[in-house]
Each structure stands twice: as C-alpha cells, then as structure tokens.
4 protein chains.
Amino acid sequence: MESKISFKNDYSEGAHPKVLELLQQTNLSQEPGYGADSISQKAKEYIIRATKNPDAQVFFVSGGTQANLLVISHLLKPYESVIAADSGHIEVHETGAIENTGHKINLIPNINGKIKGAEIQKIVNNHTDNHMVKPAMVYISQSTEFGTVYSKNELQDIANCCKKNNLLLFIDGARLATALTSQSNDLTLQEIAKLADVFYIGGTKNGALLGEAIVFQNKRLAEGFDFTLKQKGALMAKGRLLGAQFLALFQDDLFFELGFHANKLASKIANIFKQNGYDFATEPVSNQIFPILPISIAEKLMEKYDFYIWEKLEDNMVTLRIVTSWATQESSVDQFIKDISKNLG
Amino acid sequence: MESKISFKNDYSEGAHPKVLELLQQTNLSQEPGYGADSISQKAKEYIIRATKNPDAQVFFVSGGTQANLLVISHLLKPYESVIAADSGHIEVHETGAIENTGHKINLIPNINGKIKGAEIQKIVNNHTDNHMVKPAMVYISQSTEFGTVYSKNELQDIANCCKKNNLLLFIDGARLATALTSQSNDLTLQEIAKLADVFYIGGTKNGALLGEAIVFQNKRLAEGFDFTLKQKGALMAKGRLLGAQFLALFQDDLFFELGFHANKLASKIANIFKQNGYDFATEPVSNQIFPILPISIAEKLMEKYDFYIWEKLEDNMVTLRIVTSWATQESSVDQFIKDISKNLG
Amino acid sequence: MESKISFKNDYSEGAHPKVLELLQQTNLSQEPGYGADSISQKAKEYIIRATKNPDAQVFFVSGGTQANLLVISHLLKPYESVIAADSGHIEVHETGAIENTGHKINLIPNINGKIKGAEIQKIVNNHTDNHMVKPAMVYISQSTEFGTVYSKNELQDIANCCKKNNLLLFIDGARLATALTSQSNDLTLQEIAKLADVFYIGGTKNGALLGEAIVFQNKRLAEGFDFTLKQKGALMAKGRLLGAQFLALFQDDLFFELGFHANKLASKIANIFKQNGYDFATEPVSNQIFPILPISIAEKLMEKYDFYIWEKLEDNMVTLRIVTSWATQESSVDQFIKDISKNLG
Amino acid sequence: MESKISFKNDYSEGAHPKVLELLQQTNLSQEPGYGADSISQKAKEYIIRATKNPDAQVFFVSGGTQANLLVISHLLKPYESVIAADSGHIEVHETGAIENTGHKINLIPNINGKIKGAEIQKIVNNHTDNHMVKPAMVYISQSTEFGTVYSKNELQDIANCCKKNNLLLFIDGARLATALTSQSNDLTLQEIAKLADVFYIGGTKNGALLGEAIVFQNKRLAEGFDFTLKQKGALMAKGRLLGAQFLALFQDDLFFELGFHANKLASKIANIFKQNGYDFATEPVSNQIFPILPISIAEKLMEKYDFYIWEKLEDNMVTLRIVTSWATQESSVDQFIKDISKNLG
C-alpha cells in the first residue's frame, strides 16, 4: 500500500546509516543516565565548537513541539507572551501546546512565512498596560514553514528590534540544515547562534531517528533548564540515544551534507516546474517547495506519488507542497521529473 | 573512568540487539509519521493480544515521567487529585510534573512501597467538600520503587476500593517485566489489564532504547489522548522508532525473557547476602534489592562496583540499592558475588 | 483633579443606593459562609425565576475576567479551544487569562464586534486533526465590546451552528442590562438563557459594587463548579456580599431600570452627533457609543470631559468612546450636549 | 433556623459599621477603576506607614485563597516549590489551588500548627537534584490554623533559615489581627514586615466585607504583580470597594481594636474551660480555641450554639473549635459561659 514514492514530508524514513552505526558501536557500554553520558558530552562539544560560542549551553530533546514548549515556558513569566507569524508552527500545528503552558501567542500576518521588525514593534506598541499580556519573546522558524529562508539582513532587523524592546529571540531550527545549505542563504551557524538568544538544531528532519539540540546563548538563560526538562517529561533516561544522533551528525559534516542533498533534489524538481512556466506560492529555496498547478495535473501525479495539496485556489488551480529529505533518492526524483514533464508538456 | 561494573540502575546500556536489528531492517522503508506507521500498528496488535483485551487502546511514549503526566492530566478534571504512596515515583522523583499539570497528589505512607484499599478509603472519607480536592484516581507502581510486587489479592483489594469509590486505577509499569517474572508473582498481564483502568508497559528499563506502552482499557478513557500527546510534546514524528521497540519485545517472548534474566541475577546476589545472615529493607523479589550492610563493607565493594547507598542507618549500617537488568552479564554477577563473599566472610 | 465629568467607563461610581441599603439592613445577621447564606439563596431564586429555567444553576463571582476564566477552564478539556471575535474581551483585555488556564482562543475577525455562524463553521472545518486544538466552545459578548447588540436572528444563527457542531455557547453578559434594554433589542432574558449553554449577568457595570451571576443551563454543565470556584480563588468567604448585590437588582426591576437609564442618556448624546451630521464607528444602540469627530473638536471637549480616544483615523479624524451608566446624571449629559452643540456648530 | 448563636467561624457577619459608613460616604464620587482610585491610594499609604517600610508595595485582593495562589505563582518559577506545614491552609483547605498554578507543596509535620527552621533545612537538604522540585519559598500562617502564634524567636529562626537557603518567606495573615493582639504576642507589625519577603493583612476575618492586603517588601518582588492580578481574575473593576475596607481599618486603630475584641472574648471562654480543669489541643492564645470535652457535653452545648467538632478522640472525648470575631457580642459569650458552667459543673 505504501508503494507510492512519498514527497509528503521529511520524516518518512528512519535514520542515516551512520547514526545507526554509532548506536550499534556504543550500544553495550555502560553509561550514566539522563544525559550525563559521554556520548552526549562529546556531541555537545561538537555543537559548541560549530557555533563558536564557548558559553553556549546545549540540551537534547526528542522533538520540535517539545523543544518549543520547553524553551518558551522556561523563559517567560506567566503573564508574558511570545510573538510569532500566524503561519508559525507553534500557532498552527502544535495543538495549543504553548497556550497549554499558560502563554498567549501574539500574531503577525506572515509574508511568505516571515515577519519583520516593524511588525514586531507595532505589537509591542499596542501592549500598553496590565490588561494585556507583556510580549517578551519573538519566535521565528528558519527555514520557515513555507520553505523560505531569512537573509542576514532580515534576521538582523528582527534581532535589532528584539534588542531594542528587550525581547528574547528564539529560532525554531527544525529545518535549520536546509536553511544553512540553501542556495539563497547568506547566514552561518555562528551568526545565527550570535543573533538568537536561544535556538534549536533539528535532527529529526535531517537524518536522525529523533532529536533536537536546544542551544542557549549563555548560562543565565539556561539556568534551571534541567529541572524544566524533567518536569515536562522531556528528560530521556537513556540520553545516549539523543547524544548519538548529534554525534553522528556533527563529528564530521554529515549534518550539512544531508541538508544540501535535500535542497539539491528539491531544486531539481522546482526547475522542471519553472522551465514549464509554472509559478510557486513562495520562492523555492529549500527542501519544501510549493508549485501552483492545475488540479488535473496534480491528480495525475498523485496516482504515483504522495504529496500534500496545500491549498485550493481559483480557476481549478492548487498549490502543492513537495518535500525532499536526506533520504530522498535521486532516482526517485528523476522519475518524478520525467512524469512531471510528461504531464506538463 | 566508567570502568567499574555498575549495579546502579537498569538503564545503563543501550538496547537489546534484537531491537537494533529491527531498526536496521525497517530503516529505509517509507512510513507515515506520528505513530500511523505499520511497525507501530503491528506492535500494538501484539500488545493487545498479550493483554487479551480487544478493546484496549495502546499509545507509545518516550519515558515514564512523560507517561505519568500524560495519563494523569488526561483523565483528571482540574480539581481532581490522584492518590499515591509517599514513595511513589510521581511524588518523589518527577520534579513536580503532576503538580505542574495542575493536580494535587494525596499521599499514603507506604509499607514496602505499597498501599492498601483501607488507606485509600480513609483519604476518600476525609475529602468531604469543595474546600478540598476531589480524589479521582489511584496510582501504584508494579514492581514498586522498593522492588516489591503486589500480589493478586493486594491488587484486587485496591481495585475493589477504586470501583466502590469511583476512582480510576492507574498502574505505572516502568518495571512491569520484572514484576510479571518475579518468583513471588501470581498475576498475569491479562489480569493486570483487567484490574487497571490504564497502565503502562515499560520498555526503557527492559531492553528498549526508550519507550513505554500506555494501555487504556477502552475507547472512552482514551478519547482525545492523541490530542493530549501532541499538546504535551510527546507525539514523536518518527513513531516507528517507538513501535520498533515494542515489536521486538512482543513479537516473541523477549519482553518476559529479559525481565526473567534481570530477576534471576538479582536473586543470585540476594542469596549470597541471605546466606551470610544479612537482612534486607524489603523482601528481594525483583531486579531491585536493598540489602543492609555495615558501611565498611559497602565502601569496600564500591571500590570495584557502582551502586547507590540508599539510606544511612544507625550503628554504621547502610541500606544499598543494587539493580540488575536485561543487560547485566552473569559473569559480572559471579565476580560481584565472589567479592561480596570475600568481604562478608 | 477628578473634577472633569467622566464618560470613560461604566464603573466609576460605587453602588446604587438600594444595594447599599440592603447591605446595611442585613449586615449583622449571622449567615453561613461561602455562598450558603440565605441572601444569596434568595437572589438565586429571583434570577432563576427571571430566566424561566428551573434547572438553571447560578453562581456569583466578583468580576468579568474571573467569570470568563472560570467558565471556560471549567468546561473545556485541556486540548479544547474557545472561538471568539478578535475584539472579544477574553482576547484583548484579560492579560492572557484564558491561555493561562491552558486554552487557545481561535479568532474570527469581528464585524462591529460580532461574529456569525458561517465564520464559526469555517474554523471548525479547518481543525481537522490532533495537530490542532479541538474547538469546543463559542464566546460572544452581549452587548459587544463595540456597543452593538446581537439580534434574535443573529443569536439563533450562532446557536444553530453551535448545536450542529457540538460547541458550547457562552455569552459574556458584563453589559447584558444595556443589551436587554437597548432600543434595537428583540431578545428576552429567557431567550438568552435558552440559547446559551452558560452566560453571565453583569452586576459590576450595572449598579453593583461588584459581581457577575454565572448561569449554567443545567446541573450537568455546573457539576463540580463549586470546586472550580474555590480552586481559582473565586469563592468569597462572605458570599452574602455578592448575594446582596443581585438581590437588590432582581427583587424588583432595578436591573432593567438601570440599563434603560444608561441607554437613554447615551442615546441623547448620540442624537446630537447625528443631528450635526457626524458618523459612528458602530451603530449607537447601547450605553457605549463611538462617534467620529475631527480631533480638534475632541480635544476641545476633553478640556471639560473625560472619555477615550478609541482610534486615530485619517484626515485628523478620531473615533471616541463615550460611555454612560446607571449613575450618569441627566444634568451632566445635558451640559455635555450643550458643549458638543457649541463645538460642532 | 439560623437562630443558634454561632462560634463556627469569623466570617458570619457583614462588615464593621465604620466600613459601611465609609462606603456610603464615598459612594457617588467618580473614581478611576482597577485600583487607581484615591481611596485605595490613601489606604495603601496608611498601611505603608503602619509597616514603617517606605519601599513596601501594597495590593488589595478579595480573599485568602486568592492571595495565596497569586503570591506563590507570581514568585516561583515553574519547577520551584513552597514549603509549608501539613496543617497549612494552602495544603488542606484550598482545593489544590497552589498545585493548580503548577507548584508542589513540600510538607513539614506541624507542631501545634507551626514549623521550625531545622525542619525546613531538612527539606532543603533532601532536594538535591533536578529529579526533584527546587524549594524556593516558605509559607506560614500567623496566627496559625490552630490558633497559635509564632513568637519573635520562632519567626526569627525561620527567617534565618530562609535567608541562609535563599528561600522567600511568605506569611499568610488572614488572621494577623488576632496574632498581633494576642496576649502571647511579642511581635510588631513592623517586625513582621521586616522578616517576611511578602505577607498579607487579613480584612475578611477582621471587620471587612472582603479583602486582604498583600504587602511585598520591595519593588523587585512586586514587579509585574499588576499583570498577575489581572491574569488570575483578581483585579477588581471597582477597586475602591477594597480600598475602603482597609482605609476604614487603618485610618485609626480599628484593625487592632477588632482583633483585640475577638481575642478577649475567646480568652473569656477559654478560662471557663480551664477553671473546670479541661485541656486544650493547642494553647488558647487567639480567637480560635480548641478545648477537649466529653462528647456528651459537646452535644448538649450544640443544642443552643454552633461550633465545629474538630476531631473525635478516644474515650468519648472530642476537640471543639470555637471561634470569636470582631462581631461577637459580649452578651452572647456570657450566656455561652453560663451554659458551659452549668454543663461542666
């Protein structure tokens, strides 16, 4: 039944073989529990080195929603809120996880999944007294839920606004690998680590079985986070499992190679649409692309391939969401391209 | 540095080789995310079969504290409380996770880690009006935090009291494998599944990399639990990882074999203390044993072995906690026994 | 300093003299605490009679935000959400009180402070799986935050949509008195009590020192609400204080008379703007009116009167919010009208 | 039916006549809402003067449970806990209000309603890592739930332990008036204000219709508390109502006179038991006394008087709780004493 090739998401397969290998190699060594193991320690060192911030504090957790609710509830006082795009993952697809920890999300209408400093400033200006929440954090995703990537200028603009208004900047990096290896990217991991007060590096969608690496800029922000982890059920007994994912990804350049691979294949697919004169809902620059097609062609493709119809448009047009990953095979993409060409032609 | 043999806990190693094998075999098949994968489906079927309750609803989560907070917050109204032993894991070692979801724990002084129906009844009787919380659930652990195991009569007594007072019965089975394979056990998995409204089967401490299988007795109790999972950050994108753990444990008798192995080795260690006339804080019947020794002997043993000093007693005596697991090697135990004998003699 | 006449809000004065009289008369009788007093009992009977629903369950609390957070957190499961206008009090002016109890608010862009069944239906349709909250309640205000009043048809449309989608309907009646006595009103208190699953009758803004009367349609909805009251700090030791407010308001027609008075004076003020050709942001039908004036005239009036500049518009125009109450004196209004005429002329 | 004279509690009557007078006098002046009124400002000044701490920050709320949950949830981080006596009001009689805000209560077995520094230290010592909550506050009541009063030495001992362990000290003063005017008291209001980081002054049980005055020692502790008030539904629109209670109580010595009156009458009742050789569960020093009598005599007295049977003891003895208040009439007490004498004799 699962015989169609899937471009539905970037978590359809297990782990990159190097992750499984490392699990295998380290499997029977006795290690302390709850993240105090030597594998996690090594992985953290690699990440700290990669961010070039020796003060950075790294914690591994199992998934993105968990990372988001942990970080936000840890850093905000009960009456403080987080500002986000109305397309932000915390707003749209986390079953009210943030509100369930007690915090309101203040929304900004997104433009291609992004927000700007000026819009953040407006929200701050509108929150004038104790009858409203007190905005204290900005949440953005890199790459965004619409596959776009903030440029250095755009991120600097947001960071400046945060600094000026005493807001923390939190970057959801569930898809950070494809952002950092996007053709349109002009930001390094070090720059992101410098501009964000806290961010996380997604493993789940980039070759790991599970895992996100939360990186706080300093000890003050991370203080007590080990208590928060345990209290919210996020502290894994065999923390080595999480450590091994990130050790495999960061002890050489695997993390970046996998992101690059996903982007390259997405780009190949995007080009075939472009060449045939089709448009996109957002500029295709990472591993999620959103071509706009006649519904008849989409349906034809869906006979052999899995992907989401993202939105129904006027005139029998639809926006698709097509996602590639570290595990996508070039041969699958080539076949897809052939079938696209045939149907578009 | 980690060169001492550790009897500190049952989560020092990775996974049983069969678990890793299964991960390897299924690694590159494309599967739907968030628990809808075919591996998880198969694992659930094996568990449902093992409980002999076709109405059972099974959910996989990553750890014990997470399982506890999910189940309790899912089933209680805001003003309802859960009754537990004062030695219960939710009371002592979960950083206030239950209270953080809004619920009070009503405590019963434990006897060897256990509670009784009569004590539960007293608490119910004392909660008479709306100035107090409304007890609505009983939480027990099997095996308990002190290594003891509820007998069928004892569990029936608690279940009767729950039924009579309209309380839900929730069994924390983080160490259910060693309970079910204890020499003193007279309960089957089916009986536990029948007496409990909800319980979970621990994987983390019995051969899995991670994972607990929560089993609700019927659909009504489980209604909306998929929302609860997502909202609390417990829904894993690659649910197949959790499914594979339990498929490996339950597609044959591995789950029970591993529990039996741990118990057998613990029993061997217990016997050597018994033979030398030493006492235990609680009767040693599962994989956690609590011998009472002179501190001088304990310190001698700690030069070569890792375990916890559980409690300091009078007259320079201490209670140790010694834990075996599925991964404990018989040769390590034999060496330990030899060293114990030498020191006790 | 407080010498300007204030049209800023409807809670600037203390209580209607009849309320104080009743407090005085009953002051030294010994009564049980926590709402079990005979004064509260009598007040509840009057309210039940007025709603013509003998199954109604009435509870008194101290204020509107408290009423909102109590009702919503009482009736929703953790993963359920409430649908509201983006102008709704719970969204805009309650410091995230609803989110602080764990619940998301799903927003509908308001039209003159109102929402429609069709918009509610869209939200329900968009919430398709467990990655999103589950809408379970609709919150509206009568009269609305913009002074408008739902007609019978409009309310019936919302109630139908709720019924069809299994949503609870909750009406915030902080200003129910001015809604029920509005010139444009075609709804009775009995009809509101029948269409809403739960609503409250505002005392604070209609002659009481404090107090809102929450009315559940039946026992099932109210079950355990006495526990919720206590747990959230809303159960007043001297419940008689709240009971006395509503006994004074409902033992004769005082509640309606006071609403009528506020509306009549607001209408007088509205007419003078209309006569001079000025427009309103929303149709002026209750005790809050929103005339649109040149800023120069607004500033002139602010020398002698207090009111809010609600919004700055283009072309040096502003929207004012002018509020009357049970305590507004006709002579103050007449003087205000004279000054308006002088400045508009 | 309410014809028996009640010694059940200290909130059976309305307000002291001077409170009602002040409400009457100020009733129709226009005042800003939400606590910004001139009456509340004046009341705060009197309280600040009485505490002799010009940095003190005062907030009025409606009741004791509300005050407790506001202060505790405001000052603790999510994973921090509050230490209290197992007889503490927050533990026993607030329907899990503290847990509902997310915080665990660490219990100390009370001795006559009190706790000691040494016991607090033990709890701190036992909380060693992130698998347990982090104690961050101590909660005590003055006078206690058993009518006893901490001496200066006892309070200093607790405060010293708090300082040493970086714990905040919070004093529940719902019955502070009777503590400060107890025959056994050696503490001034100023000393309490100096030793506590935050405390509150009870109005409800000492002559007010409602109201507790929360006093933070400085601005840093109170920062954002106005947001907390609004978010938890505790900010009253007509804050003047609360201000007036405390203005009446503190503009002269009324607060202390009323406490003295209650104590004096309780003492009169206590003496008659003492003279007849009866014992008390705790030393009778404030307005709550706990004499131990044969159940037959208690039942005889209950024919004409209302009070609680606090506890059933062996040998047909019971502990009563008898409570006097500012409103208790000396004639009622004299009659009670006569009836006691008759029955004891």
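The values are calculated or read from the model by the stated rules, or taken from the named source; none is laboratory data. Here the structure is a predicted model, which is why all the values come from computation and not from measurement. Don't worry about glycine lacking a Cβ; one is built from the backbone with ideal geometry, like all the others, and counts go over all protein chains shown.
Assorted remarks:
- Residues that are farther than 26 Å from A:ALA15 by Cα and touching a Leu at 6+ places or on another chain (Cβ under 9 Å) do not occur anywhere in region A:234-245.
- Of all residues in region A:248-259 being touching a helix residue (DSSP H, G or I) at 6+ places or on another chain (Cβ under 8 Å) and closer than 18 Å to A:LYS205 by Cβ, the one that is farthest from the other protein chains (Cβ to nearest Cβ): A:PHE256
- Checking each residue in region D:201-242 for being among the charged types (D, E, K, R) and more than 23 Å from C:GLY211 (Cα to Cα) picks out D:LYS219, D:ARG220, D:GLU223.
- All conditions but one from (1) surrounded by fewer than 24 Cβ atoms within 10 Å (Cβ to Cβ); (2) under 25 Å from A:LYS205 (Cβ atoms); (3) touching a helix residue (DSSP H, G or I) at 6+ places or on another chain (Cβ under 8 Å); (4) among the small types (Gly, Ala, Ser) apply to B:SER38; the one that does not is (3).
- When B:PRO294 is tested against (1) in contact with a strand residue (DSSP E or B) (Cβ under 8 Å, 6 or more places away or on another chain); (2) within 16 Å of B:ARG321 (Cβ to Cβ); (3) surrounded by fewer than 24 Cβ atoms within 10 Å (Cβ to Cβ), exactly one condition is not met: (2).
- Check on D:LYS8, charged (D, E, K, R), closer than 30 Å to D:PHE146 by Cα, more than 7 Å from chain C (Cβ to nearest Cβ) and part of a helix (DSSP H, G or I): no
- Verdict on B:GLU283 being in contact (Cβ under 8 Å) with a residue 12 or more places away in the chain, within 30 Å of B:LEU210 (Cα to Cα) and assigned to a strand (DSSP E or B): no
This table checks each residue for (1) within 12 Å of chain A (Cβ to nearest Cβ); (2) free of Cβ contacts under 8 Å to residues at least 40 places away in the same chain; (3) within 22 Å of B:ALA327 (Cα to Cα); (4) in a loop (DSSP other than H, G, I, E, B).
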{"residue": "B:ALA174", "(1), (2), (3), (4)": "yes, no, yes, yes"}
{"residue": "B:ALA193", "(1), (2), (3), (4)": "no, no, no, no"}
{"residue": "B:ALA208", "(1), (2), (3), (4)": "yes, no, yes, yes"}
{"residue": "B:LEU242", "(1), (2), (3), (4)": "yes, no, yes, no"}
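- Residues in region C:1-20 that are within 25 Å of the chain's Cα centre (by Cα) and surrounded by fewer than 21 Cβ atoms within 10 Å (Cβ to Cβ): C:ILE5, C:SER6, C:LYS8, C:ASN9, C:PRO17, C:LYS18, C:LEU20.
- Every pair of residues 6+ apart whose Cβ atoms lie under 9 Å, when the first sits in region C:1-21 and is farther than 16 Å from C:GLY211 by Cβ while the second is assigned to a loop (DSSP other than H, G, I, E, B) and among the hydrophobic types (A, V, I, L, M, F, W, C): C:SER6/C:PHE307; C:PHE7/C:PHE307; C:LYS8/C:PHE307; C:ASN9/D:ALA237; C:SER12/C:ALA327; C:PRO17/D:LEU28
- Of everything in region B:270-280 that is within 28 Å of the chain's Cα centre (by Cα) and assigned to a helix (DSSP H, G or I), the residue that is surrounded by the fewest Cβ atoms within 10 Å (Cβ to Cβ) is B:ASN271.
- Only listed residue being among the β-branched types (Val, Ile, Thr), at pLDDT 95 or above and surrounded by fewer than 22 Cβ atoms within 10 Å (Cβ to Cβ), chosen from C:ILE158, C:ILE123, C:ILE140: C:ILE123
- Single condition B:PHE216 does not satisfy, out of (1) in the same structural domain as B:LYS44 (by TED's automatic domain parsing); (2) in contact (Cβ under 8 Å) with a residue 40 or more places away in the chain; (3) more than 27 Å from B:ASP186 (Cα to Cα): (3)
- In summary, strands (runs of 3 or more DSSP E) completely within region B:23-141 and bearing 1 or more residues that are more than 28 Å from B:VAL285 (Cβ to Cβ), within 14 Å of chain A (Cβ to nearest Cβ) and touching a residue at least 24 places away in the same chain (Cβ under 8 Å) occur at B:57-61.
- For region B:66-98, a residue qualifies if it is surrounded by fewer than 24 Cβ atoms within 10 Å (Cβ to Cβ) and more than 26 Å from B:ASN130 (Cα to Cα), and the qualifying residues are B:SER87, B:HIS89, B:VAL92, B:HIS93.
- Residue check: A:ASP186 meets all listed conditions (1) buried (at least 23 other Cβ atoms within 10 Å of the Cβ); (2) assigned to a loop (DSSP other than H, G, I, E, B) but one, namely (1).
- Meets criteria (assigned by TED's automatic domain parsing to the domain that holds A:ARG175 and at negative phi) for A:GLY202: yes
- With respect to being within 29 Å of the chain's Cα centre (by Cα), in a loop (DSSP other than H, G, I, E, B) and surrounded by 14 or more Cβ atoms within 10 Å (Cβ to Cβ), D:TRP326 fits the description.
- Residue match in region A:221-230 (condition: surrounded by fewer than 21 Cβ atoms within 10 Å (Cβ to Cβ), part of a loop (DSSP other than H, G, I, E, B), without any contact (Cβ under 8 Å) to a residue 60 or more places away in the chain and not assigned by TED's automatic domain parsing to the domain that holds A:ILE140): no
- Filtered residues of region C:210-234 (kept if closer than 19 Å to C:ALA97 by Cβ, of a type in the set (D, E, K, R) and more than 9 Å from chain D (Cβ to nearest Cβ)): C:GLU212
- Selection count where residues are over 27 Å from B:VAL149 (Cα atoms) and assigned to a helix (DSSP H, G or I), scope region B:286-323: 7
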